[in-house]
1. Quote to one decimal, in nm, the extra length available between residue 64 and residue 37 on full extension: 0.36 nm per residue of separation minus the C-alpha distance between them.
2. Explain nothing, just the number: dipole magnitude of the stretch 49-108 about its Cα centre with +1 on each Lys and Arg Cβ and -1 on each Asp and Glu Cβ, in debye rounded to the nearest 20.
3. Using Cα-Cα distances under 8 Å and only pairs 6 or more residues apart, what relative contact order does the stretch 17-117 have, in percent?
4. Is it possible to state the helix-based mean residue ellipticity at 222 nm for the chain, with each DSSP H run of 4+ residues giving -39500 (n - 2.57), the sum divided by total residues, to the nearest 500 deg cm²/dmol? What is it?
5. How big is the dipole moment of the chain about its Cα centre under a simple scheme where the beta carbon of each Lys and Arg is +1, that of each Asp and Glu is -1, and everything else is neutral? Debye, nearest 20, please.
6. Report the Cα-based extents of the chain along its three principal axes, largest first, to the nearest Å.
Amino acid sequence: MSATKFKKVKAENPFVGMWHIYEMEMWDEDYFNMETQAYVEIRPDNQGDFQFGLVSGYIDGDLEARGVSERFVFTWSGQDEMDEASGNGWIQLISEDEVDGFINFHLGDHSMFKAKRAG
């Protein structure tokens with residue numbers, strides 16, 4: 001008797017793409033756009049990266065159902081002014097082209113942010 005393999009069907013992830021951060025609760029635009037346009041990028045494999053100010057990191061996340069909506073929750077590791085840093089966060093859709101988000105530094109700062117889909 002042979003086993004039947006089933007293909008895992010992945011749901012389409014509405015968070016895939018590049019998101020330009022335009023507002024942060026803790027930092028002003030002069031800081032968060034200091035080196036480059038602040039952004040969060042999510043790839044179809046639910047990984048990605050981000051940068052704002054002197055903070056950059058790599059994201060590993062997944063979709064999380066919240067009632068009738070969903071959000072993308074993630075952990076991250078990277079650097080803050082060349083020091084190792086890590087944390088977690090989430091983004092949720094406001095509309096097809098805009099998200100609210102939250103980023104948390106392990107044992108440190110945290111901030112809400114708003115971003116729009118690039119291009």
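1. Separation in residues times 0.36 nm, less the Cα-Cα distance, equals 7.0 nm.
2. 200 debye
3. 24 percent
4. Mean residue ellipticity at 222 nm (helix-derived): -500 deg cm²/dmol.
5. 1000 debye
6. Principal-axis extents of the chain (Cα, largest first): 63, 32, 27 Å.
Here, each number is a calculation from the coordinates, and none is a lab measurement. The structure displayed is predicted, hence computed values, not measured ones. Cβ coordinates were reconstructed from backbone atoms using ideal geometry, including for glycine residues, and neighbour counts include every protein chain displayed.
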